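Here's the structure, in structure tokens; my notes come after.
The values are calculated or read from the model by the stated rules, or taken from the named source; none is laboratory data. Quick caveat, the model's predicted, so the values are computed rather than measured. For neighbour counting, all protein chains shown are included, and Cβ atoms are generated from backbone atoms with ideal geometry for every residue, glycine included. Only protein heavy atoms, including side chains, enter the accessible area calculation; ligands, DNA and RNA are left aside. Shrake-Rupley method; radii C 1.70, N 1.55, O 1.52, S 1.80 Å.
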Amino acid sequence: MSSPSRLLGAVLAGGAGRRFGGPKAGVEVGGVPMVRRAVAALTAVCSEVVVVSSRPVPVTERPVIPDVTDGAGPLGGLEAALLEAGRRGLEGVLLLACDLPLMVPAILERVALAARGRTAVAPGRPGGGVEPLCAAYAVGCLDAVRRRLASDDRSLHALFGDVGGAVLPEAAGAEWAPGAFLNVNTPSDRHRAEVALDERGGG
């Protein structure tokens, strides 16, 4: 992969949100639906951005592409995004889950730039681990995605290991972007995101 302009920005917005009590794409954090926050963050880095969901997403004006493999979770969303990137002649996907509503463009840009010449890149999370839901994947990952879809483990973490993904040093920028890696999975997580947004000064 060569530059952010050669990556398709793809927002994963198709989750059922079982722990939240329903789909999360339209849930507001700081008065803005989470899917719109994710789209805005990716638009600052990628010239082409889509939303991936087999459910209606009424709060976005971006193209919505459906999953190819139903019920496959984030891995199925990545499959659809990689296929779309290939159709557009792009080199890969810059993936962002909509339930990371406080992710900032600076971290996404760093991921995208680090993706040059690599199959997959994701940032390290504060405190350890990796965040494969905020990551760049080359179109060449598609075969590995499909093999993983046919397995019993459809996690993005497993895929990231399959393709030898590179992990960036721990969360550059997280110190000035509180909550950037906060996953909103429950209503209490949403409250934590609101607090983190206030600490950051809104926006």
message: Within the stretch 183-199, take every residue that is open to solvent by 60 Å² or more (accessible area, probe 1.4 Å) and of a type in the set (Asp, Glu) and give me the one that is modelled with the lowest pLDDT.
response: Glu199
- line: Checked the stretch 162-182 for anything loosely packed, with under 15 Cβ neighbours inside 10 Å and at pLDDT 95 or above; matches are Gly164
field: Residue check, Glu91 among the charged types (D, E, K, R) and either farther than 28 Å from Glu28 by Cβ or free of Cβ contacts under 8 Å to residues at least 60 places away in the same chain (or both)
entry: yes
task: Give the residue, chosen from Gly14, Gly30, that is modelled with pLDDT under 95, buried (at least 21 other Cβ atoms within 10 Å of the Cβ) and among the small types (Gly, Ala, Ser).
output: Gly14
- prompt: Any idea which of (1) in contact (Cβ under 8 Å) with a residue 60 or more places away in the chain; (2) more than 16 Å from the chain's Cα centre (by Cα); (3) open to solvent by 10 Å² or more (accessible area, probe 1.4 Å) is the one Arg147 doesn't satisfy?
  reply: (1)
query: Under the condition of being assigned to a loop (DSSP other than H, G, I, E, B) and among the acidic types (Asp, Glu), which residue from the stretch 58-92 is most open to solvent (accessible area, probe 1.4 Å)?
result: Glu61
task: Report the residue count in the stretch 126-143 for those that are in contact (Cβ under 8 Å) with a residue 60 or more places away in the chain, open to solvent by 30 Å² or more (accessible area, probe 1.4 Å) and either of a type in the set (Asp, Glu) or part of a strand (DSSP E or B) (or both).
output: 0
task: Check Arg110 against each of (1) in a loop (DSSP other than H, G, I, E, B); (2) surrounded by fewer than 21 Cβ atoms within 10 Å (Cβ to Cβ) and name the one condition it does not meet.
output: (1)
message: Return the residues of the stretch 150-165 that are free of Cβ contacts under 8 Å to residues at least 12 places away in the same chain and under 18 Å from the mean Cα position of the chain (by Cα); say none if nothing qualifies.
response: Ala158, Gly161
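Yes or no, residue by residue, for (1) assigned to a strand (DSSP E or B); (2) within 16 Å of Leu75 (Cβ to Cβ):
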site	(1), (2)
Ala106	no, no
Val121	yes, no
Val145	no, yes
Ser151	no, yes
Arg154	no, yes
Gly179	no, no
Arg190	no, no
